[in-house]
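**Student:** Structure provided below as structure tokens; questions to follow.
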Amino acid sequence: MPNPKRRHSKQRTAKRRSHDFLTPVGVSNCPNCGEKKLPHRACKKCGEYKGRAVVAVKDAA
């Protein structure tokens, strides 16, 4: 098995790892209540999607 003769520099290692970061989650606001939600999903707070109530949500008392 071939082994490296010399160690990789910090710059070379950093160049290789430059694409290993996590991308931020795309979050949009609910047009009904303004709560942050994932796109193309019903709102967890009010239960609406595209102007319709699709999920029954319990009232927080």
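**Student:** Say whether the condition of being within 22 Å of the chain's Cα centre (by Cα) and not in a loop (DSSP other than H, G, I, E, B) is met by at least one residue in the range 24-33.
**Tutor:** Checking the range 24-33: at least one residue is within 22 Å of the chain's Cα centre (by Cα) and not in a loop (DSSP other than H, G, I, E, B).
**Student:** For HIS8, state whether it is more than 28 Å from ASP59 (Cα to Cα) and either among the acidic types (Asp, Glu) or surrounded by fewer than 10 Cβ atoms within 10 Å (Cβ to Cβ) (or both).
**Tutor:** Judged against the criteria, HIS8 is not a match.
**Student:** Which one of these is part of a loop (DSSP other than H, G, I, E, B) and on the phi < 0 side of the Ramachandran plot: ALA42, ALA14?
**Tutor:** Sole residue among the options that is part of a loop (DSSP other than H, G, I, E, B) and on the phi < 0 side of the Ramachandran plot: ALA42.
**Student:** Continuing with this model, one more query. How many residues, within the range 45-61, are surrounded by 10 or more Cβ atoms within 10 Å (Cβ to Cβ), among the hydrophobic types (A, V, I, L, M, F, W, C) and either in a loop (DSSP other than H, G, I, E, B) or touching a strand residue (DSSP E or B) at 6+ places or on another chain (Cβ under 7 Å) (or both)?
**Tutor:** Qualifying residue count for the region: 4.
**Student:** Hey, another quick one. With the structure loaded, tell me whether PRO31 is in contact (Cβ under 8 Å) with a residue 12 or more places away in the chain and in contact with a Ser or Thr (Cβ under 6 Å, 6 or more places away or on another chain) or whether it fails that test.
**Tutor:** So PRO31 does not fit the description; no.
Read the figures in this text as sums done on the coordinates, not as results from a lab. Keep in mind the model is a prediction, meaning the values are calculated, not measured. Using ideal geometry, Cβ is built from the backbone for each residue, glycine included, and neighbour counts are taken over all protein chains shown.
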